[in-house]
Structure formats: C-alpha cells, structure tokens
Amino acid sequence: MSRASWTLHALAEQLGIEMRGPADLVLDHLAPLGSAQAGALSFLANPRYRHQLEETQASAVILHPSLAGGCSAAMLLSDNPYLTYARASHLFNRAPIPASGVHQSAVVDETAQFDDSVSIGANAVIEAGCVLASGVVIGPGTVVGANCVIGENTRLYANVTLYHNVRIGARCIVHSGVVIGSDGFGFANEKGRWVKIAQLGGVVIGDDVDIGACTTIDRGAIGDTRIGNGVILDNLNMIAHNVVVGDHTAMAACSGISGSSKVGSHCIIAGGVGIAGHLEVADRVQLSMCTVVSSSLPESGSYSSGTAISETREWRKNAARFRQLDSMARRLTALERMLDNRHPSRHDEGDTGAGE
Amino acid sequence: MSRASWTLHALAEQLGIEMRGPADLVLDHLAPLGSAQAGALSFLANPRYRHQLEETQASAVILHPSLAGGCSAAMLLSDNPYLTYARASHLFNRAPIPASGVHQSAVVDETAQFDDSVSIGANAVIEAGCVLASGVVIGPGTVVGANCVIGENTRLYANVTLYHNVRIGARCIVHSGVVIGSDGFGFANEKGRWVKIAQLGGVVIGDDVDIGACTTIDRGAIGDTRIGNGVILDNLNMIAHNVVVGDHTAMAACSGISGSSKVGSHCIIAGGVGIAGHLEVADRVQLSMCTVVSSSLPESGSYSSGTAISETREWRKNAARFRQLDSMARRLTALERMLDNRHPSRHDEGDTGAGE
Amino acid sequence: MSRASWTLHALAEQLGIEMRGPADLVLDHLAPLGSAQAGALSFLANPRYRHQLEETQASAVILHPSLAGGCSAAMLLSDNPYLTYARASHLFNRAPIPASGVHQSAVVDETAQFDDSVSIGANAVIEAGCVLASGVVIGPGTVVGANCVIGENTRLYANVTLYHNVRIGARCIVHSGVVIGSDGFGFANEKGRWVKIAQLGGVVIGDDVDIGACTTIDRGAIGDTRIGNGVILDNLNMIAHNVVVGDHTAMAACSGISGSSKVGSHCIIAGGVGIAGHLEVADRVQLSMCTVVSSSLPESGSYSSGTAISETREWRKNAARFRQLDSMARRLTALERMLDNRHPSRHDEGDTGAGE
C-alpha cells in the first residue's frame, strides 16, 4: 500500500478516533465535501456546510459525532474535525521526499558537522562551522552561512539564504526565498549622510516554526532577533532587527514588525499589518488586515485601523472630508454649546431635544 | 543589420502600419519624445504632449494620424500609438539571448523531458519527472521541483524556485526571486498550538502570464491555486493557497490575495492592495492603491479605501477625531432632531434654514 | 589581538576621540547599557537613559562629555555618541570575511573582467562582459547578468540576482534575495489583453548604497531606473521602472515607489509606504508608516495618511461612519446656516454662542 492510500480502519487507528463504516474501505486522497469523488476522504469543520453531507460523493467524512446522523458516507468521528483533518492531511501527502546524503554538486565546508540522515540538495552551499542535526533537509541552491546551527528534522526548501550565526530549532520549515540573518536597518546620520552600524547580533529561531516564502528576518544590531517556539510566519513577512516574537504567534502575509518591537505570544496578526519600532504588543492580541500599530498595545484584544472600502466616487468625497475632521468636530461642539446655552437642561431631555 | 537597427520601411512592414518619410531612414533605438536624439524612434501616446512634436530630435515618431500635421520627423501612423510602441519595443531589444542546451553545471534529472531548443542555465536544477516544452528557458540558479510542466517558450529568469507539481502555460515570463508552489498558510489550532495542514494541491498557471520579481504563489491545500491566461502580476505580490485569479487581470506590486479568494477577469488591482480570504471579486473591478478589501465585491466598478494624505501635524488631529466619528455622527443627529422638533418643516425650507 | 578586541587607548585613537580611564582596559564586544557585562563597550545616545549609567556593568561607555559626571565606567567622549557607536560597531564585527579569488564551483564567463582582490563565492554565476572593480565580493549562488558593472568594494551577498546591464557604484551592500534589473511592469492593452512592452532601459545605482533583503529594483522602460548616492533601502522594498531616488534618501521595509516617480534627496520614508506613479516628491520629505502618497509633494515636510488604531469593536462603528463623512459635513454646514440665519452675529459672539 502506497503511503497515500489507507483503509478506513487504518486511518482510524492512525488518528486515534472512532470510525463508522466498512473497515476495509480504501481512501486514497483528500477532497472538499462539495466536490469529492469516490475514494476521497473529506471533512466537515463548519456546521454551516452540513447540508453538503447529504449529497457528497466522498467515501468517508471526518465530522463531529453530533452531525453523524445526516451522513450517508463512512465516517471518522472527531470532537475537532478541522484538527483531525490537519493530522490526516499528512497521511495523504505525496510530495517527493529528498534522499538523504550530500548531492555531489553541493559545496559543503569540511568543518560542517552532520550525520548520514541529513539531506543536502544540488548546488546547496554549507559554510564553515555549521552544525546540522539529524534529519535536516537543505534544499537545492540553499546557502547556509558560517556557524549556523539547525535543529533536528528542520527543512530548508530550495534557494533559502541563511547568513552566518543563525540558530534554528527543531522541526522548523523554511520556505524558498527566505532570508535570515541579513543586516538590520541601522544607520547613524552624520550631516545628512547615513553611516552604517555593523549588525553584530544573530537570529535565534525556536522549535516548530514555519516561515513562508520570501520572508526576511534581520539579525540583531547587538543582541539577537528572536522568534519563539511554534510561531508561524506567512510569505513576504518582514521581521526587523532585535524584534522578539512570542511563542505560537501567527502572522499572515505581507506584514512587518519594525526594529526592537516585542510581540507577545499567541497573537494573531492578519495580512498587511505594520507594527512600528520599539513597541510592545501584549499576548493574545489580534490585529485585523492592514492595521497600522503606531503605539504599544498593553492589553490583549482585537485592534484595527483604516477605513471601510467604498466605490471610488463616494470614497473621494469622504476621504477629502477626512482632512476636515478636526474642524468638523470643533464646529459640532460649538453648535452644541450654542444650543446648550439656550437649553441648559438639554442633556436631561432625551435624544429628541425639546421644543420651546 | 543587427536585430536592433531598422529602416523606417522595414519597421512599417513589421508593424503592419503606414509610414511617412524616407523608407531607408535608419532607427536604432527607442527614446522619449522630449529627450530623443537622431536615430531614435519615439512615440506620442498622450495628446497632452503634442507640443513636444515640434521640437523633438527623434528621427521618427509613432503617432495617431490626426496629429501628423504637427510633426516634422518621419512618422509611423497608428490608431493606437501606445500599443504600436509596445510592439515596436521588442524590435529594439538588445537583451542577451540565452543559448539553447544544458549548461554543464546544471543538475538535470535523467527523467526530465525536453528537446534541444530548451535552454537550461548555469547551476540550474531540474528535478525528476519535469516536462519542459520547446523553447523553454530556465535561468541560472533556478530550481524546478519534481513533476513540473512548463509550456512552450516560457522563460524562468535566474534564481526562480518552483516546488513540485507546478504547471505553467506557454509564453509566460517568471522573474527572479519568484517562488511558486510553496505551502499555503494552513494550520489548525490545538489548545493554542498550531498544527500544520499538509498542502496537497498544486499551482496551475495559464498561458501568457507575466510574474514579477519576488512574487510568491502558494500551492493549494487540497485543490489547486489557479492563475488564468494573460494575467500580469508585478513584483512582491502574494497569491495565497486556493486563490483563483481570472484571465487578463493585472495586479501591481506589493498586493496580496488571501486564501481561497476568487478574483474575476479583467480586474486592475493597484499596488499595495490587500484582499481578505474567502471573498469573491467580480470581473472588471478596479482597486485603487492600498485599498483593503474586506468583503466580496459582486459588482464591477472602481473601489477605494483609506484616507487622503496630509501634513502630519494636521493628520494627527484628524486621525484622533476618527476615533470619535461614530459619536460625532450621533451628536449631529441629536442636534438635527432638536432643531427639527422646533422646526418641523425645516427640510422643506432649503439649505439656509429659516428664522423663527 | 583579534580584530574584535581593543584597548581603550586603541579605540580612542581609532575613533579620534578623547578617553577617560585606564588606557590598557580591554574591550571585546558591544552591549546595551542595561545588560552589559565586564569587557563590554556600551553607549549612551539618548539622555533619557542616563540613569542606567550608574548601574551599568559595561567596562566603558561612549557618551557626551556633559554626561560624564554620572558615569563610573571608563569613557569615550563624543559630541555624537550614536555616530561614534556606529563607527565603533565595525571594530567589533566578527562576521567571516570571504576569501578573495574565484570558488571552483562558480561559473564565470571568460570575458568578465576583475582582479585578484575580487571574491566570487560558491555556485555564483558571472555572465559575459561584466566588469567587477577591485575588492568586489560576490556571494554564493548570486547571479550577475551580462555586462553588469560593479564598483570598488561593493558586496553582493548570497543569492542576489542582477539582470544584464545593471550598474552599481562603489562600497554598496546588496543583501540576499535582492533582484535588480527585472522588467518594469509595462503593458499596453489591446481589447482587454495585455501586450508586453520590452523594458529596454537599465538600472544605475550610485555609491554607498545599501539594499535590504528581497528588495526589487526594476529596469527602466526606455531610460534607466536611478538610485542616488548614499541611499539606504530596507528589506522588501519595491522600486519600479524609471523611478529616481535622490541622494541620501532612506526607505524602511515594505515600501514601494511606482513607475516614473521621482523622490528627492534626504527623504525619510517609513515602512509600508506606497507612492503612486508619475509623481514628484520634494527633497527632505518625511513620510509616516504606511502613508499612501497619491499626489506629488512639492514641499518638504512631514506627511501622513490613514487612521488611528482602535479596538476593533470601536473601529467598526467609526469605519462605517467614514462612509457618511461627506454627508455629515453637509449636514453640519446646514445646521450652522440654519442657526446663523437666526444669529447673524454668531461668529462674533465667541465659542459659547449666545442665548436669545
């Protein structure tokens, strides 16, 4: 049986959950409930889609026991179907697995340390003093700078770049185009000219971190830039020098954290967010898409900035008025005072005001 | 005659348009109307610049027949001068053309299929099972993952990364730093910890697609991420997993489309735009620079968000008032009601109100 | 004495400033005032932290002479301590220095010109006609396209991509993932289809330019894209075709300048800023984080756009009201006129209005 074909029984055992249906039913791929065909395992995570249960062609469905009644397919019962789907997804992964060993075209410094379980791809470069733990995978064209330390089973995909002295924990995934350890953006100004500050710190990344394509993480100016355990970063994120990102924080694409800011743990940062420098963001803060954080957020909670979207013709008028907002507020207050003077008890008179 | 030197006659023939002037006039480069020198072909696309016709030193000008009267240079007459310029630009392109064949330093799996017309650059890597159609160009340092399929005459520049199972159509251009097929940002949450969902889908890109430097396109979670025919993506764009981009849509730099969103065809998305996940954007939608799309846009049209720019000192006051906007609206309504109660017929009395 | 260990006396000489303390005191690293240990050189740039002087464990501190009284450690006296720190930082830099010469795995065209002082790293590619001045360092995996010209002591880190005909000045630093010379985003539209315009210009970068990881700089459509001397660009910046950036301008991460815009010298552009195309931004303009510049800024000064951040619950109400802003302004004016008609002299009566 290929790695991506399972009986219902084997799946239930592997996932440690209860099954309903023929034990020898063969499932060989995952598919969405609405478009699944025979042989597919599907899942129902959002009860809003329960109506799809009746018509699905999936051979089996992962779902909550309370919804089992409406399902004619075989079932895998889970208290958290989305989590079970996450676990099951890896069982159907047909992505090629890199062979262990060093590709003959790779350039590996003789002082680098690693064992036979490590895979180093074509045209990869491993510089002096690196230590790669067992099971590490280095993709083709990836460059690992001097004295980097990479933990067990961490995978760097193709064309990743690590500068010197970067430490990455175990079980991390680093996607292509990622750059870790580039210089932080530190300069002094001398009579209008920028004088570069050598960036002497490193980057320390915890265990179980996932870093999306073309994300950049700069090295610290003096101390290290630090990414906690279990952090997940999407593509095209920017982590500036000396930033600290707390454990299990998630950051969607195209977001950036400026220098020396400290973001708490279990935060959820949507796409396009910008966080200014030298701020502190508390644990469990949620930031909406494209929010601009210009001051510290000492309390957990959900924060947003920006305006609602409108048709451009309408938007132009409103955006122009934004420039008058302070003046409008003052004019409004002036009107209230004028009327108040005439009606000293207005505030007691309820929302409709009162006639004379 | 070198590829980048043409007589007026040869150009007119090649472009299929009418000429006015000496047939053997030699043109060897393109230049803007305002700064052109002898030997230059220029163009007038925007009638606003017609005054430049009188003084231009260009040897020939592409322009609309209706403007021919004001031009003392030789002419190529076109109903759409900008389009004719676009066509002519390729005739003056002196960019080096990569030699066909496989560079000796490239690492090409023996199962990859391609013919002699294909060019594979220095230190490129082509993994198992890839199929490259005729005329494909793979730049130096580019990595093509297992089982990718690339259509006729598509060019991947240097240091591009394709993961496994990416399909790209014919005549596409993929610029350096692009990553296609990296994992979508899919995780379930288990008691505060992120559990990765294997991204089992692929990426399917149509014909005639242009992808700018450092743009990332993630593979689908289950189904594929899909980019239609004739789509043009600028640099540093982010296309998340399972996004669908319709034919002939354009997307300027630094914009992102979040997971599972579906953008229509013939849309024009300016730079810095963010589109949230699981939305539908209709055909022929235009989005202004840095617009945030947080709900579906079922109608074509032009949309914007954000505020106008101001001097920071003014902006601070107005931005602070933004936080009072709902309160201001309520206070305004209260004032109106108060005055209305006293003047029941106010709304009939015109803009100036009325005395008592 | 290793390159990163200095006596106080040697440091003072090297930096050309006055010292106070034992001449033979050995300093072997830099550390922040608050966390420094013995052997550390620290600095006090912001007088707000002067209280840390009393308790610091640093062996020596760079500080302004006026603050020398409060410091018990050895001292290096400077009128501009931050600038002195910038200079001193390079003296403690332990980053590995690439060996000069061509790595055997590099692919260097025989027509490329350079001397023995140049370093070309593993798996780098140098195409035909390139000219590399003395002291140039080309990192591993970096691709330099045909006919590029690179000035003295400029360093391209690993996995950089230069297209053909890119000119870079002396003493520049180009970080990993950077792409310079990719096609500008130029297309004509023919009945809904995009027709590519060949990008025939180049890129010209001045001296002392610093370019952050994964920044992209497109080549010009006809003329060149130009980056002035002393410009500093952070990570993930986007410089579109035919942009001109003036000398000594700084641009923080995730910002973009659209096609043909001209930004002055000595500007400071914060992170996430978007500048539309065909604009002119004056010298010495400062732009706040995530500002959207949609029209030219002919005067120097500080500019901003966007709204303040709020809790999402509050923000939703205010953002919805933004759509009514023009209507609110009109209603406010209507109320003022109504009251004005009754009180013609209101504006003379002061803020409180007047009773009847």
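Miscellaneous remarks
- Residue, surrounded by the fewest Cβ atoms within 10 Å (Cβ to Cβ), within segment B:187-211, restricted to residues that are farther than 18 Å from B:Gly151 by Cα and of a type in the set (Gly, Ala, Ser): B:Gly192
- Residue count for segment B:119-136 satisfying the condition of being of a type outside the set (S, T, N, Q), surrounded by fewer than 23 Cβ atoms within 10 Å (Cβ to Cβ) and more than 9 Å from every other protein chain (Cβ to nearest Cβ): 3.
- Residues of segment A:253-277 that turn out to be within 7 Å of another protein chain (Cβ to nearest Cβ), without any contact (Cβ under 8 Å) to a residue 24 or more places away in the chain and crowded, with 24+ Cβ neighbours inside 10 Å, as a count: 5
Residues checked against (1) under 31 Å from the mean Cα position of the chain (by Cα); (2) within 30 Å of A:Asp210 (Cα to Cα); (3) of a type in the set (A, V, I, L, M, F, W, C); (4) outside the structural domain of A:Asp207 (by TED's automatic domain parsing):
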| residue | (1), (2), (3), (4) |
| --- | --- |
| A:His266 | yes, yes, no, no |
| A:Glu280 | yes, yes, no, no |
| A:Val292 | yes, yes, yes, no |
| A:Pro298 | yes, yes, no, no |
| A:Ala319 | no, no, yes, yes |
| A:Leu335 | no, no, yes, yes |
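- Scanning segment B:179-220 for residues that are within 8 Å of chain A (Cβ to nearest Cβ) and aliphatic (A, V, I, L, M) yields B:Val179, B:Ala188, B:Val195, B:Ile197, B:Ala198, B:Leu200.
- A:Lys191 out of contact with any strand residue (DSSP E or B) (no Cβ under 6 Å at 6 or more places or on another chain) and assigned by TED's automatic domain parsing to the domain that holds A:Gly121: yes
- Number of the exception - A:Ala253 against (1) more than 30 Å from B:Val292 (Cα to Cα); (2) of a type in the set (A, V, I, L, M, F, W, C); (3) touching a Phe, Trp or Tyr at 6+ places or on another chain (Cβ under 8 Å); (4) outside any strand (DSSP E or B): (1)
- Scanning segment A:170-179 for residues that are farther than 29 Å from C:Val292 by Cβ, touching a Lys or Arg at 6+ places or on another chain (Cβ under 9 Å) and not in a loop (DSSP other than H, G, I, E, B) turns up at least one hit.
- When residues in segment A:28-40 are screened for being crowded, with 16+ Cβ neighbours inside 10 Å, closer than 22 Å to B:Gly186 by Cα and over 26 Å from the mean Cα position of the chain (by Cα), 3 of them pass.
- Inclusion of C:Asp24 among residues that are away from chain A (no Cβ under 14 Å), of a type in the set (D, E, K, R), free of Cβ contacts under 8 Å to residues at least 40 places away in the same chain and not in a helix (DSSP H, G or I) is warranted.
- Residue selection: C:Pro96 satisfies the criterion of being within 22 Å of A:Phe187 (Cα to Cα), in contact with a His (Cβ under 6 Å, 6 or more places away or on another chain) and part of a loop (DSSP other than H, G, I, E, B).
- Those residues of segment A:202-240 which are part of a loop (DSSP other than H, G, I, E, B), in contact with a Gly (Cβ under 6 Å, 6 or more places away or on another chain) and farther than 22 Å from B:Ser176 by Cα, in sequence order: A:Gly206, A:Asp207, A:Asp208, A:Arg219, A:Gly220, A:Ala221, A:Ile222, A:Gly223, A:Asp224, A:Gly228, A:Asn229, A:Ala240
- Among the residues of segment B:148-169, those identified as more than 16 Å from A:Pro140 (Cα to Cα) and away from chain C (no Cβ under 14 Å) are B:Val149, B:Ile150, B:Gly151, B:Glu152, B:Asn165, B:Val166, B:Arg167, B:Ile168, B:Gly169.
- The lone exception for C:Phe185 - which of (1) of a type outside the set (Ser, Thr, Tyr); (2) in contact with a Lys or Arg (Cβ under 9 Å, 6 or more places away or on another chain); (3) in contact (Cβ under 8 Å) with a residue 40 or more places away in the chain it fails: (2)
- Meets criteria (surrounded by fewer than 23 Cβ atoms within 10 Å (Cβ to Cβ), at pLDDT 95 or above and assigned to a loop (DSSP other than H, G, I, E, B)) for A:Ser295: yes
- When B:Tyr163, B:Tyr82 are checked against the criterion of being over 22 Å from A:Val102 (Cα atoms), under 27 Å from the mean Cα position of the chain (by Cα) and aromatic (Phe, Trp, Tyr), a single residue qualifies: B:Tyr82.
- Subset of segment B:99-138 [in a loop (DSSP other than H, G, I, E, B), in contact with a Pro (Cβ under 8 Å, 6 or more places away or on another chain) and at negative phi]: B:His103, B:Gly121, B:Ala122, B:Ala124, B:Glu127, B:Ala128
- Condition met for C:Leu53 (surrounded by 18 or more Cβ atoms within 10 Å (Cβ to Cβ) and more than 20 Å from A:Leu200 (Cβ to Cβ)): yes
- Residue within segment B:259-270 that is under 25 Å from B:Ala308 (Cβ atoms) and of a type in the set (Ser, Thr, Tyr) present: no
- Consider segment C:241-252 and keep the residues that are small (Gly, Ala, Ser) and in contact with a Gly (Cβ under 7 Å, 6 or more places away or on another chain). The one that is nearest to the other protein chains (Cβ to nearest Cβ) is C:Ala252.
- Search result, residues across segment A:73-118 that are touching a helix residue (DSSP H, G or I) at 6+ places or on another chain (Cβ under 7 Å) and more than 10 Å from chain B (Cβ to nearest Cβ): A:Ala74, A:Met75, A:Leu76, A:Leu77, A:Ser78
- Members of segment C:67-92 found to be among the polar types (S, T, N, Q) and either modelled with pLDDT of 95 or more or in contact with a Pro (Cβ under 8 Å, 6 or more places away or on another chain) (or both), listed by number: C:Ser78, C:Asn80, C:Thr84, C:Ser89
- Residue in segment C:316-338 that is at pLDDT 90 or above, more than 7 Å from chain B (Cβ to nearest Cβ), surrounded by fewer than 18 Cβ atoms within 10 Å (Cβ to Cβ) and in a strand (DSSP E or B) present: no
The values are calculated or read from the model by the stated rules, or taken from the named source; none is laboratory data. All values derive from a computational prediction rather than experimental measurement. Reconstructed Cβ throughout: ideal geometry from the backbone, glycine too, with neighbour counts over all protein chains shown.
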